[in-house]
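K.L.:
Below are the structure tokens for one structure; questions will follow.
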Amino acid sequence: QVQLLESGGGLVQPGGSLNLSCTVSESLTNFYLVAWHRQAPGKQRESVARLVAGGSAGYSDSVKGRFTISGDNSENTVYLQMNNLIPDDTAVYYCSAVSRRGEVWGQGTQVTVSS
């Protein structure tokens with residue numbers, strides 16, 4: 001069974017940076033797409049970044065220009081570099097991976113942006 005493990009969350013001041021990791025239990029080449037999502041208390045889940053097989057990346061308008069998604073096939077890991085963080089970025093961040101077997105989700109990592 002495929003497993004995804006997120007890490008790298010924490011408390012950061014506004015304007016700061018964090019780099020989240022999503023480590024997958026098998027080769028990234030088995031997946032069509034890996035994505036990062038977030039959910040803040042009382043709000044709907046929002047997809048913020050996606051990395052498609054072949055390297056194409058996409059972002060939501062809310063994070064475009066501040067967040068960067070990348071993958072390292074040698075580490076089976078997808079990263080989300082988050083810069084210039086604002087309080088509205090506070091949420092639990094999840095990664096998911098899509099293959100012909102369906103979509104698998106990680107457990108999430110908390111990101112809190114506060115002074």
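K.L.:
Select from segment 57-85 the residues that are among the β-branched types (Val, Ile, Thr) and more than 14 Å from Glu46 (Cβ to Cβ) and write down the one among them that is surrounded by the fewest Cβ atoms within 10 Å (Cβ to Cβ).
P.N.:
It comes out as Thr68.
K.L.:
Please return the ranges of strands (runs of 3 or more DSSP E) entirely within segment 1-102 where 1 or more residues are under 12 Å from the mean Cα position of the chain (by Cα) and closer than 22 Å to Val113 by Cα.
P.N.:
It comes to 4-7, 18-24, 33-39, 46-52, 57-59, 67-72, 77-82, 91-99.
K.L.:
Working only within segment 17-30, note down all residues that are out of contact with any Asp or Glu (no Cβ under 8 Å at 6 or more places or on another chain), open to solvent by 50 Å² or more (accessible area, probe 1.4 Å) and farther than 16 Å from Glu103 by Cβ.
P.N.:
Within segment 17-30, Ser17, Asn19, Thr29 meet the criteria.
K.L.:
Something else about it: Being within 16 Å of Ser99 (Cβ to Cβ), open to solvent by less than 50 Å² (accessible area, probe 1.4 Å), free of Cβ contacts under 8 Å to residues at least 40 places away in the same chain and not β-branched (Val, Ile, Thr) narrows it down to one of Leu51, Leu33, so name that one.
P.N.:
Answer to the check: Leu51.
The values are calculated or read from the model by the stated rules, or taken from the named source; none is laboratory data. Predicted model only: the values in this text are computed from it and were never measured. We place every Cβ from the backbone using ideal geometry, glycine too, and count neighbours over all the protein chains shown. For accessibility, only protein heavy atoms count, side chains too; no ligands or nucleic acids. Shrake-Rupley method; radii C 1.70, N 1.55, O 1.52, S 1.80 Å.
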